[in-house]
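K.L.:
To start, I am sharing the structure in question, which I have written as structure tokens.
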Amino acid sequence: MISILKETVKKMDPASMKIIYHGLQLAVGVMVIGYIMYFLNQYTNDPFAVLSDGETLVQTAVSIVAQCVLVGFISNYFLKNNK
């Protein structure tokens, strides 16, 4: 399964790869901010607000990863079929 995925990624259109690459960069940035908020939670006076915000950011980052990968593969399918 992983070898099929690797071969598919190697054959992808450059525009689709950029969508996936920049989406993953955005998701990693959001996830790092969420983890920083989560770990700095122990030093705040209002722990619930910071904790819930950090968890929400991490959940959002996972959602961004899934959406960017799907959009990248879907756009690759349509770009390859229209050529």
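K.L.:
Take each of the peptides 35-41, 1-7, average the number of other beta-carbon atoms within 10 Å over its residues, and list them starting from the highest.
P.N.:
Listed from highest to lowest mean packing, they are 35-41, 1-7.
K.L.:
Which option, (i) 36, 11, 9; (ii) 19, 14, 12; (iii) 24, 15, 12, is the value of semi-axes √(5λ) of the Cα gyration tensor in Å that was calculated from these coordinates?
P.N.:
Computing semi-axes √(5λ) of the Cα gyration tensor in Å and matching it to (i) 36, 11, 9; (ii) 19, 14, 12; (iii) 24, 15, 12 gives (i).
Bear in mind that the values in this text are calculations on the coordinates, not laboratory data. It should be emphasised that the depicted structure is a prediction, and the values quoted were computed from it without experimental measurement. We place every Cβ from the backbone using ideal geometry, glycine too, and count neighbours over all the protein chains shown.
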